[in-house]
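Student: Quick one: the structure is below, and I'll ask about it shortly.
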Amino acid sequence: MPRLLKYGRKAREIPEYGSWVAMRQRCRDPRWPQYSVLGVQVCAAWVASFEAFFRDVGPKPSKQHTLDRWPDPTGNYEPGNVRWATPKEQRQNWRIRPKPFDDPELIQEFTARQIRNRKHGNHRFEPTL
């Protein structure tokens, strides 16, 4: 059990709790196709219990660290395939990378779409065909 829970803090007050909730949400929500449609799952013990998740993953080393599926970025969220990673480590673990554009019009269209998405609160990567 997390040491903070032993001293009376609620799970919601622990930073790792938010990561646990977000992980479960991504895998169930069809608005995150890179998880739900591809069949990425959370192990049953972690779905059922924040304490089991925290026991297996441990505390975040810093506020900048986020949950990362590693060493198999195409695998499930389960013990042995999850780590706390820095933004730089996360970028190195991307499975889908935008292809380089040779056409200036494609660059402009892609940039306009990214700006539009950010204005509307949609920060997810949208691949351009």
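Student: GLN64 to SER36: FRET efficiency via 1/(1 + (r/R0)^6), r the Cβ-Cβ distance, R0 25 Å, to the nearest 0.05?
Tutor: Details: r = 26 Å, r/R0 = 1.05.
With a Förster radius of 25 Å, E is 0.40.
Student: Can you compute the equivalent ellipsoid semi-axes for region 3-96, i.e. the square root of 5 times each eigenvalue of the Cα gyration tensor, sorted largest first and rounded to whole Å?
Tutor: Working: eigenvalues 99, 50, 27 Å².
Semi-axes, largest first: 22, 16, 12 Å.
Student: What is the ratio of the Cα radius of gyration of region 25-64 to 2.2 N^0.38 Å, with N the residue count, to two decimals? Please report the intermediate quantities before stating the final value.
Tutor: Values: Rg = 12.3 Å, N = 40, 2.2 N^0.38 = 8.9 Å.
Output field value: 1.37.
Student: I've got another one for you. FRET efficiency for ALA45 and LYS88, Cβ-Cβ distance as r, R0 = 30 Å, nearest 0.05? Before the final figure, lay out each step's value.
Tutor: Working: r = 30 Å, r/R0 = 0.99.
The pair ALA45/LYS88 has a calculated efficiency of 0.50.
Laboratory data are not the source of any read-out in this text; all were calculated from the coordinates shown. A quick note: this is a predicted structure, and the numbers were derived from the prediction, not measured. Glycine gets a Cβ as well: all are built from the backbone with ideal geometry, and neighbour counts include every protein chain shown.
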